[in-house]
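I have placed the structure first, in the form of structure tokens, so that the comments after it can refer back to it.
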Amino acid sequence: MPTAPTVTVSQLKEDLTLCLAGEWRTFCLPEIKHKLSTLKLPQESKVVIDLSSVDFLDTASAYLLKKFLKKLKRLKISYKIKEGSPTIMATFHMVNEFTPSPEPRTEQTSRFSLIFLLNFLGKMALDPLKTFLEALSFLGEVTIGIIKILIHPRRLRFITLVDLIHKVGASALPIVGLISFLIGVVLVYQGADQLRRFGAEIFTINLLAVSALRELGILLTAIVVAGRSGSAYTAQLGFMKLNQEIDALHVLGIDPIEVLVVPRILALLIVLPLLTFFADIMALIGGGIATYFLIGVGPDDFAKHLLLSIGKWTFWTGIIKAPVFAFFIGLVACFEGLRVSGGAESVGKHTTQSVVEGIFLVIIFDAAFSILFSVLGI
Amino acid sequence: MDTPVIDINKLCTSIQGKKLHEGLSLNVYRGEILGLVGASGSGKSILLRTILGLNRYDSGSIRIFGIDHRDQKSALSLRHRWGVLFQSGALFSSLSVGDNIRVPMREIGHISETLMRDLTLLKLKIVGLPEDTEAKFPAELSGGMIKRAALARALAIDAELLFLDEPTSGLDPISARRFDLLIKDLQRNLNFTVMMVTHDLDSLFTVCDRVAVLVDQKLVIGTATSLQKHPHPWIREYFQGRRASTLKREVEK
């Protein structure tokens, strides 16, 4: 068991002797600090500090001792040190040598100074602009990458593409299906409740068909995919960037856009329309079952009314949006992934951004499509 | 002789069915610097991880300061008695270098903020980093600086036992030599125990009191000089390579 650090004061003729003993370890720092600071020493006296019975002295306690000696100097107390064992003195001297200079801690520019404010304003204005330009340049690179692949289809990493399609598509089926099914059920419940007041319950099917096929199917699928696969893309590319794998590709003369980004975006382009179709069907099934229990419309009548309620374009207006959403989800995810730098925190930051921006873009483009379709009259 | 700081007895470990250590025994005594050597993939890092309690082992026993770390309660107290320098530093990337060094200090508690800050600067100076490194983040440091900062964190609470995983790899020979001397000096003054995985023959010859070589799932223990004459072909080649190279250097001069 380590012995506790002690300080004993004894008077020998005129000189005071401070006898330090025991093991001076980091664990006992508060105790040591307390003992040293509560010592009462008369001013302008002579003190002998006896280190010879100290069994152990580590750097932290040596530092405290050093500070104590400084304080003595300030109080004009002259002191002599009776040396202890060589290892203890070596530690003491080492700490003496390395003690940080008491120079003023670097002053930070005040948060409210005018220069700081202007600097901050400029940064806030320029940074998003820079990011936007970078994103634009990335869009260009990716477009060229896709065109290159279309011209030379052999250069496409086919196995990677199939693997990605499996990951972002096939394994997303359960969650997309479940969400769409439930949304179909919810739509019918809410719609039937409202339309019952007008005795127009049968139009619940119109409500279901139009909202599921035109908007909800694609929107929900896109949001699920942005959250599920967008974040995965960003985190994966971000880690590869940190691990210098992207640099390794560059050095090998392989274009990371071609081998990493293009297959990912292509996979989403292929998968999202298919997932949307699946989501549409699941929403209709969910809605159909709910109509059966709520309004009592059987499958045959449901199908008949469904066909009457949708136009030529209802289904396609939903599906047509899928590739556009897919492209931008993939683009943003890969862009953010390749912007990762520094450490783990950056991966988290960019993954968050990737999902937020992905979903934001999906909704912006959805609004744009709505305007476009209404202008075109479909 | 007093009880060993690290006491490994008949340790067997296997990873995914592959046996890495079989009946491996090792004693490391207080105040000693032990070097651990072995071919790549021979299980040095796994051994280190197993000693640190990061890996499970099949049979045998590991006691550190007489404590078996499978005993959850007392194992926690071990964490305040050792310092670890991981191969790639393993600095927390979201904390500044100063905060990284303060993490172990905060864990033991009761140290005032100003004192912690002063001690941080002291440790930085001891490992040879400028004071302004304190506010920097690990991502802004070079490889050598990360090693030093990580060493400062390992030394933060003047632990009694230090594990170093390839402390000098990736440093230039002069820095590596200084690093070795620094560890040797600190060890002499503070009398802690060091176990280091290394491939740096200089470290093995100048710093390590004993060297343990991991071959054929077991440890062969000796000093760097005595191992030169060991009959095992791998060990002989490893230690005589240096002789050959120093001889060659002398001839060229």
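State all residues of the stretch B:93-103 that are open to solvent by 30 Å² or more (accessible area, probe 1.4 Å) and either among the acidic types (Asp, Glu) or more than 9 Å from chain A (Cβ to nearest Cβ) (or both); if no residue qualifies, say none. Working first, answer last.
Residues of the stretch B:93-103 open to solvent by 30 Å² or more (accessible area, probe 1.4 Å): B:93-95, B:99, B:103.
Correct list: B:Leu95, B:Asp99, B:Val103.
Is it fair to say A:Cys19 is at pLDDT 80 or above and either among the acidic types (Asp, Glu) or open to solvent by 20 Å² or more (accessible area, probe 1.4 Å) (or both)? Please lay out each step first, then the result.
On the way: at pLDDT 80 or above: yes; either among the acidic types (Asp, Glu) or open to solvent by 20 Å² or more (accessible area, probe 1.4 Å) (or both): yes.
The answer is yes for A:Cys19.
If you take the residues of the stretch B:222-252 that are over 24 Å from B:Arg178 (Cβ atoms) and either modelled with pLDDT of 85 or more or assigned to a loop (DSSP other than H, G, I, E, B) (or both), which of them is most open to solvent (accessible area, probe 1.4 Å)?
Only one residue fits best here, namely B:Lys229.
Collect the residues in the stretch A:255-278 that are charged (D, E, K, R), in a helix (DSSP H, G or I) and more than 17 Å from A:Ser231 (Cα to Cα), keeping them in residue-number order.
Across the stretch A:255-278, the qualifying residue is only A:Glu258.
List pairs: first residue in the stretch A:120-146 and within 15 Å of A:Val332 (Cβ to Cβ), second residue part of a helix (DSSP H, G or I) and of a type in the set (Val, Ile, Thr) anywhere in the structure, Cβ distance under 6 angstrom, at least six positions apart or on different chains.
Within 6 Å, the pairs are A:Glu141/A:Ile257; A:Val142/A:Val261.
What pairs come up if the first residue lies in the stretch A:25-48 and is more than 14 Å from A:Leu75 (Cα to Cα), the second is open to solvent by less than 70 Å² (accessible area, probe 1.4 Å) and charged (D, E, K, R), and their beta carbons are under 8 Å apart, counting only those six or more places apart or on different chains?
Qualifying pairs under 8 Å: A:Arg25/A:Asp58; A:Arg25/B:Asp158; A:Thr26/A:Asp58; A:Thr26/B:Asp158; A:Val48/A:Asp15.
Within 19 Å of A:Ser341 (Cβ to Cβ) and either within 13 Å of chain A (Cβ to nearest Cβ) or not in a loop (DSSP other than H, G, I, E, B) (or both): does that describe B:Ala75?
Values: within 19 Å of A:Ser341 (Cβ to Cβ): no; either within 13 Å of chain A (Cβ to nearest Cβ) or not in a loop (DSSP other than H, G, I, E, B) (or both): yes.
Taking the combined requirement at face value, the residue does not satisfy it.
Given the structure, is A:Lys241 in a helix (DSSP H, G or I), without any contact (Cβ under 8 Å) to a residue 24 or more places away in the chain and among the basic types (Lys, Arg)? Break it down stepwise before answering.
Values: in a helix (DSSP H, G or I): yes; without any contact (Cβ under 8 Å) to a residue 24 or more places away in the chain: no; among the basic types (Lys, Arg): yes.
Here the answer is no, as A:Lys241 does not meet what is asked.
Only helices (runs of 4 or more DSSP H) wholly contained in the stretch A:306-378 count here; list those with 2 or more residues that are open to solvent by 70 Å² or more (accessible area, probe 1.4 Å). Working first, answer last.
Numbers: elements: A:314-319, A:321-339, A:344-376.
Output list reads A:344-376.
Only one of B:Ile8, B:Ile62 is assigned to a strand (DSSP E or B), in contact with a Leu (Cβ under 6 Å, 6 or more places away or on another chain) and under 29 Å from B:Asp158 (Cα atoms); which? Full working, then the answer.
Details: B:Ile62 fails: in contact with a Leu (Cβ under 6 Å, 6 or more places away or on another chain).
Every option except B:Ile8 fails the conditions.
Of all the residues that make up the stretch A:163-210, how many are assigned to a helix (DSSP H, G or I) and open to solvent by less than 30 Å² (accessible area, probe 1.4 Å)?
14
Out of the residues in the stretch B:121-136 that are at the interface with chain A (Cβ under 9 Å from one of its Cβ atoms) and surrounded by 19 or more Cβ atoms within 10 Å (Cβ to Cβ), state the one that is nearest to A:Thr99 (Cα to Cα). I'd like the intermediate steps shown before the answer.
At the first step, the residues of the stretch B:121-136 found to be at the interface with chain A (Cβ under 9 Å from one of its Cβ atoms) are B:121-126, B:131-132, B:135.
This time we only want the ones that are surrounded by 19 or more Cβ atoms within 10 Å (Cβ to Cβ), so: B:121-126.
Working: B:Leu121: 8, B:Leu122: 6, B:Lys123: 9, B:Leu124: 10, B:Lys125: 8, B:Ile126: 9 Å.
By that ranking, first place goes to B:Leu122.
Select from the stretch A:52-72 the residues that are within 14 Å of chain B (Cβ to nearest Cβ) and hydrophobic (A, V, I, L, M, F, W, C) and list them in ascending order.
Once the filter is applied, which keeps residues that are within 14 Å of chain B (Cβ to nearest Cβ) and hydrophobic (A, V, I, L, M, F, W, C), the stretch A:52-72 yields A:Val54, A:Phe56, A:Leu57, A:Ala60, A:Ala62, A:Leu64, A:Leu65, A:Phe68.
Taking B:Arg63 as the residue in question, decide whether it is open to solvent by 20 Å² or more (accessible area, probe 1.4 Å) and touching a residue at least 60 places away in the same chain (Cβ under 8 Å). Give the steps one after another, and end with the answer.
On the way: open to solvent by 20 Å² or more (accessible area, probe 1.4 Å): yes; touching a residue at least 60 places away in the same chain (Cβ under 8 Å): no.
Answer is no for this residue.
Conditions first: (1) open to solvent by 20 Å² or more (accessible area, probe 1.4 Å); (2) over 27 Å from A:Ala192 (Cβ atoms); (3) part of a helix (DSSP H, G or I); (4) not hydroxyl-bearing (Ser, Thr, Tyr). A:Ile281 passes all but one, so which condition is the exception?
Looking at each condition in turn, A:Ile281 falls short on (2).
Only strands (runs of 3 or more DSSP E) wholly contained in the stretch A:1-82 count here; list those with 2 or more residues that are among the basic types (Lys, Arg) and over 18 Å from B:Asn189 (Cβ atoms).
Numbers: elements: A:6-12, A:15-24, A:46-57, A:78-82.
Here the list reads A:78-82.
Would you be able to tell me the number of residues in the stretch B:104-120 that are of a type in the set (Ser, Thr, Tyr) and either assigned to a loop (DSSP other than H, G, I, E, B) or open to solvent by less than 30 Å² (accessible area, probe 1.4 Å) (or both)? Full working, then the answer.
Step one: list which residues in the stretch B:104-120 are of a type in the set (Ser, Thr, Tyr), which gives B:112, B:114, B:120.
Right, trim to either assigned to a loop (DSSP other than H, G, I, E, B) or open to solvent by less than 30 Å² (accessible area, probe 1.4 Å) (or both) and you get B:112, B:120.
So the count comes out to 2.
Just to be sure I understand the filter: pairs with C-beta atoms under 7 Å, separated by 6 or more residues or on different chains, first member in the stretch B:172-199 and closer than 25 Å to B:Ile46 by Cβ and within 13 Å of chain A (Cβ to nearest Cβ), second member assigned to a loop (DSSP other than H, G, I, E, B) and of a type in the set (Asp, Glu). Which pairs pass?
Close Cβ pairs satisfying both conditions: B:Phe192/B:Glu160.
Taking A:Ser354, is it among the hydroxyl-bearing types (Ser, Thr, Tyr) and within 14 Å of another protein chain (Cβ to nearest Cβ)?
Working: among the hydroxyl-bearing types (Ser, Thr, Tyr): yes; within 14 Å of another protein chain (Cβ to nearest Cβ): no.
In short, no.
Quick one: is B:Glu160 open to solvent by 20 Å² or more (accessible area, probe 1.4 Å) and touching a residue at least 60 places away in the same chain (Cβ under 8 Å)? Spell out how you get there, then give the answer.
Details: open to solvent by 20 Å² or more (accessible area, probe 1.4 Å): yes; touching a residue at least 60 places away in the same chain (Cβ under 8 Å): yes.
Answer is yes for this residue.
Go through (1) under 20 Å from the mean Cα position of the chain (by Cα); (2) more than 8 Å from every other protein chain (Cβ to nearest Cβ); (3) in contact (Cβ under 8 Å) with a residue 24 or more places away in the chain one by one and return the number of the condition B:Met145 breaks.
With (1) under 20 Å from the mean Cα position of the chain (by Cα); (2) more than 8 Å from every other protein chain (Cβ to nearest Cβ); (3) in contact (Cβ under 8 Å) with a residue 24 or more places away in the chain applied to B:Met145, the lone miss is (3).
Are any residues in the stretch A:147-162 touching a residue at least 60 places away in the same chain (Cβ under 8 Å) and either open to solvent by less than 50 Å² (accessible area, probe 1.4 Å) or assigned to a helix (DSSP H, G or I) (or both), and if so, which ones? Talk me through it step by step, then tell me what you get.
First pass over the stretch A:147-162, keeping only residues touching a residue at least 60 places away in the same chain (Cβ under 8 Å): A:148-149, A:155-157, A:160-161.
Those that are touching a residue at least 60 places away in the same chain (Cβ under 8 Å) and either open to solvent by less than 50 Å² (accessible area, probe 1.4 Å) or assigned to a helix (DSSP H, G or I) (or both): A:Lys148, A:Ile149, A:Arg155, A:Leu156, A:Thr160, A:Leu161.
Scan A:Ser52, A:Ser61 and give me the residue that is open to solvent by 30 Å² or more (accessible area, probe 1.4 Å) and among the small types (Gly, Ala, Ser). First the steps, then the outcome.
Values: A:Ser61 fails: open to solvent by 30 Å² or more (accessible area, probe 1.4 Å).
Step by step, each of A:Ser52, A:Ser61 is checked, and only A:Ser52 is open to solvent by 30 Å² or more (accessible area, probe 1.4 Å) and among the small types (Gly, Ala, Ser).
The values are calculated or read from the model by the stated rules, or taken from the named source; none is laboratory data. The model shown is predicted, which means the values in this text are computed figures rather than measured ones. Positions of Cβ are generated from backbone atoms using ideal geometry, with glycine treated the same way; all protein chains shown enter the neighbour counts. Keep in mind that these areas ignore ligands, DNA and RNA; they rest on the heavy atoms of the full protein, side chains included. Shrake-Rupley method; radii C 1.70, N 1.55, O 1.52, S 1.80 Å.
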